[in-house]
Amino acid sequence: MSYWLLKYVHVGCVVFSGIGFFLRGYWMLSGSPLLAHRLTRILPHLVDSLLLGSALLLAWLSSQYPFLLDWLTAKFFGLLAYIVLGALALKRARTRRARAVFFLLAIVAYAYIVSVAFSRNPWPWN
């Protein structure tokens with residue numbers, strides 16, 4: 001598989017993952033039964049697995065790794081924050097208000113990761 005094709009797969013998965021998270025958060029906040037649909041529970045895991053796999057392959061093919069490059073390290077820690085905040089938003093937080101706050105924070109983390117990817121700078125807003 002060519003590097004560019006793999007990069008397009010990765011970017012596509014980033015977009016689908018973000019849209020999927022936003023939809024699931026909206027459905028959670030609105031109390032929609034779509035949140036419990038089987039496809040809603042399975043598809044994000046498939047997309048995120050492909051996203052992670054493509055990220056690892058891109059890092060390997062380009063010899064660019066977290067902890068060696070500051071912007072990839074920032075993306076790595078941003079991803080960890082996004083995962084934790086997303087889990088709190090969609091499943092773990094007890095109140096609807098707390099879920100809404102964690103949902104907004106997860107969206108901020110997602111935006112940070114994307115901005116670091118575009119700028120290749122851990123401080124993309126400078």
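The values are calculated or read from the model by the stated rules, or taken from the named source; none is laboratory data. Please read all numbers here as calculations on a predicted model, not as lab measurements. Reconstructed Cβ throughout: ideal geometry from the backbone, glycine too, with neighbour counts over all protein chains shown. Surface accessibility is based on the protein's heavy atoms, side chains included, excluding ligands, DNA and RNA. Shrake-Rupley method; radii C 1.70, N 1.55, O 1.52, S 1.80 Å.
Within segment 1-34, work out how many residues are modelled with pLDDT under 95 and touching a Phe, Trp or Tyr at 6+ places or on another chain (Cβ under 6 Å). Selection size over segment 1-34: 0. For segment 72-81, a tally of residues being open to solvent by 30 Å² or more (accessible area, probe 1.4 Å) and in contact (Cβ under 8 Å) with a residue 24 or more places away in the chain returns 3. Remark: pairs (first residue in segment 1-30, touching a residue at least 24 places away in the same chain (Cβ under 8 Å); second residue not aliphatic (A, V, I, L, M); Cβ separation under 6 Å; 6+ apart in sequence or on different chains) = 6/54; 9/54; 10/54; 17/48; 18/110; 20/44; 25/103.
Entry remark, segment 1-45: residues being more than 24 Å from residue 118 (Cα to Cα) and surrounded by 11 or more Cβ atoms within 10 Å (Cβ to Cβ) number 13 in total. Take the residues in segment 82-100 that are over 20 Å from residue 49 (Cβ atoms) and free of Cβ contacts under 8 Å to residues at least 12 places away in the same chain; name whichever of them is least open to solvent (accessible area, probe 1.4 Å). Only one residue fits best here, namely 93. Taken together, 54, 62, 49, 115 contain a single residue that is open to solvent by 60 Å² or more (accessible area, probe 1.4 Å) and polar (S, T, N, Q), which is 49.
Could you tell me whether any residue of segment 115-124 is in a loop (DSSP other than H, G, I, E, B), in contact with a Phe, Trp or Tyr (Cβ under 9 Å, 6 or more places away or on another chain) and among the polar types (S, T, N, Q)? Yes, that holds for at least one residue.
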